[in-house]
Amino acid sequence: MVDVKGFNHEKPFIMSGGLRKLKSVELEKGNYENVLLGTSRVMRGLNPQNPVFNSRPVYNAGLPGANIYEILKTFEFANNHEHLKTVVVGLDVFSFNSKIKPKADYYESKFSGSYNKFNFIFSELFSIEKFIRSLSTINFNLRNQHDEYIINGFMQKEEAPEYNRRKLFIEKIKSYITLEKLYPGLYDSPEKLELLKEVFNHRKDDTKLYLFISPIHAYQLEGMRSINRFSRFEEWKRDLVKIIAEDAVKNPKKQPIILWDFSGYNSVTTEKISPTGSKKEMKWYWEPSHYKKELGDLVLDVMFNYPNKSKNAPSDFGVVIDSSNIESHLQKIRAEQARYQQNFPEEVEIIERLKRETAHLRGKNNIN
């Protein structure tokens, strides 16, 4: 009801609860022809104001830590409220892990079928916790004057700017190879692909659906490899290609789905990590999992200029994969992986050391 710059316009504490509620309200109120879906990589990396959208209304509905069920429900909500012309889905293999569950505020949002209007309003207006956060929000706005925190769902916020990049890379990989819901449980639920099929089935005939595999840093891939999970990542890609081919047969009247793979060991994803002790920013990455807006712009540029190759993108960044080239594509990545290990032996050794140091944490689950 009240939105005043310098008073309550910026919502700096939204990540600690309520983001899904906010995005469901904004999607319902807006008039968006184009929607960006996925996890926090989409939320922080894909700018809805990118020129490829030609000033058309776009909303970034990326949700941090989202599993594929949440992504499906967000799509269904947007599809029911808007006539979507373009849907971009950033795919992360973690979204297909059984241990990744919907966040608490998802059930309080309009994305959820259990949404209750009275509970929604009551929890926002008559909660002591929200009252305290409101005071903190006002204090933040009075003290800080800078660019908007969130625009059309896109979070314009630096990822731990005070951190040394190398330290952050190492800490992230250590958590990824340790937590069962991440690398250890990688793609343990292939049946979750059925939820992605629902996205395919429910899209309108004239809706263009762009899918892409996130351009995670090579450090991530080495972390998978170190605990024998890289083959599961490959299997996930094979299964994605398979269900897209099945959709082409099942829905011949609908716009064909194109799947882009921006992962692998290319000139972007192998960007050199800042040296120890340096806080110098990297060009493309905040840390091994989250990429910057500049890289998100490159992803959009490549996809929307297809079949022409974008002049802004390196020749080895981004490959359309399908049933005709998936095996040769995976073999090529394996060869590039071997070259990366030869060219960056010190990075490989760091990841191997992290694997050894965390072996006891994975041992209880019989994980190598």
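The values are calculated or read from the model by the stated rules, or taken from the named source; none is laboratory data. Since the model is a prediction, treat every value here as computed from it, not as a measurement. Glycine also receives a Cβ, built like all others from the backbone with ideal geometry; neighbour counts cover every protein chain displayed. Note: accessible area is taken over every heavy atom of the protein model, side chains too, but ligands, DNA and RNA are not part of it. Shrake-Rupley method; radii C 1.70, N 1.55, O 1.52, S 1.80 Å.
Answer yes if at least one residue in the range 306-315 is in contact with a Pro (Cβ under 8 Å, 6 or more places away or on another chain) and surrounded by 14 or more Cβ atoms within 10 Å (Cβ to Cβ), and no otherwise.
No, because not a single residue in the range 306-315 is in contact with a Pro (Cβ under 8 Å, 6 or more places away or on another chain) and surrounded by 14 or more Cβ atoms within 10 Å (Cβ to Cβ).
Is it true that residue 228 is part of a loop (DSSP other than H, G, I, E, B), of a type outside the set (A, V, I, L, M) and touching a residue at least 60 places away in the same chain (Cβ under 8 Å)?
When the stated conditions are applied, residue 228 passes them.
Residue by residue through the range 321-343, note down the ones that are farther than 30 Å from residue 248 by Cα and either small (Gly, Ala, Ser) or open to solvent by 50 Å² or more (accessible area, probe 1.4 Å) (or both). Outline the logic, then answer.
In the first step, residues of the range 321-343 are kept if they are farther than 30 Å from residue 248 by Cα; the result is 335-343.
Of everything in the range 321-343, those that are farther than 30 Å from residue 248 by Cα and either small (Gly, Ala, Ser) or open to solvent by 50 Å² or more (accessible area, probe 1.4 Å) (or both) turn out to be 335, 338, 339, 341, 342, 343.
Do we have residue 54 as touching a residue at least 40 places away in the same chain (Cβ under 8 Å) and open to solvent by 10 Å² or more (accessible area, probe 1.4 Å) here?
No; evaluated as a whole, the condition is false for this residue.
Quick one: how many residues across the range 147-161 are open to solvent by less than 30 Å² (accessible area, probe 1.4 Å), farther than 16 Å from residue 297 by Cβ and modelled with pLDDT of 65 or more?
Counting residues in the range 147-161 that are open to solvent by less than 30 Å² (accessible area, probe 1.4 Å), farther than 16 Å from residue 297 by Cβ and modelled with pLDDT of 65 or more gives 2.
Can you give me the number of residues within the range 233-250 that are touching a residue at least 60 places away in the same chain (Cβ under 8 Å), open to solvent by 30 Å² or more (accessible area, probe 1.4 Å) and charged (D, E, K, R)?
The first filter runs over the range 233-250 and keeps only residues touching a residue at least 60 places away in the same chain (Cβ under 8 Å), leaving 233-234, 236-238, 240-242, 244-245.
The next check asks that each one be open to solvent by 30 Å² or more (accessible area, probe 1.4 Å); those that pass are 238, 242, 245.
If we keep only those that are charged (D, E, K, R) too, we end up with 238, 242.
So the answer is 2.
Hey, among the residues in the range 162-216 that are among the polar types (S, T, N, Q) and within 23 Å of residue 337 (Cα to Cα), which one's least open to solvent (accessible area, probe 1.4 Å)?
214
Looking for something part of a helix (DSSP H, G or I), in contact with a strand residue (DSSP E or B) (Cβ under 8 Å, 6 or more places away or on another chain) and open to solvent by 10 Å² or more (accessible area, probe 1.4 Å) - is there at least one such residue anywhere in the range 251-272?
No, the range 251-272 contains no residue that is part of a helix (DSSP H, G or I), in contact with a strand residue (DSSP E or B) (Cβ under 8 Å, 6 or more places away or on another chain) and open to solvent by 10 Å² or more (accessible area, probe 1.4 Å).
Within the range 79-102, how many residues are over 18 Å from the mean Cα position of the chain (by Cα) and either open to solvent by less than 30 Å² (accessible area, probe 1.4 Å) or aliphatic (A, V, I, L, M) (or both)?
Total meeting the criteria: 3.
Consider residue 219 against the criteria (1) open to solvent by less than 10 Å² (accessible area, probe 1.4 Å); (2) within 30 Å of residue 252 (Cβ to Cβ): it satisfies all of them except one. Which criterion is unmet?
Single failed check for residue 219: (2).
Would you say residue 115 is touching a Ser or Thr at 6+ places or on another chain (Cβ under 8 Å) and either farther than 26 Å from residue 74 by Cβ or modelled with pLDDT of 75 or more (or both)? Walk me through it before giving the result.
Details: touching a Ser or Thr at 6+ places or on another chain (Cβ under 8 Å): yes; either farther than 26 Å from residue 74 by Cβ or modelled with pLDDT of 75 or more (or both): no.
Spelling it out, it is not the case that residue 115 is touching a Ser or Thr at 6+ places or on another chain (Cβ under 8 Å) and either farther than 26 Å from residue 74 by Cβ or modelled with pLDDT of 75 or more (or both).
Check the range 291-301 and report whether any residue there is open to solvent by 60 Å² or more (accessible area, probe 1.4 Å), basic (Lys, Arg) and closer than 24 Å to residue 84 by Cβ.
Within the range 291-301 (the criterion being open to solvent by 60 Å² or more (accessible area, probe 1.4 Å), basic (Lys, Arg) and closer than 24 Å to residue 84 by Cβ), the answer is yes, since at least one residue qualifies.
Which one of 176, 210 is within 30 Å of residue 359 (Cβ to Cβ) and in contact with a helix residue (DSSP H, G or I) (Cβ under 6 Å, 6 or more places away or on another chain)?
176
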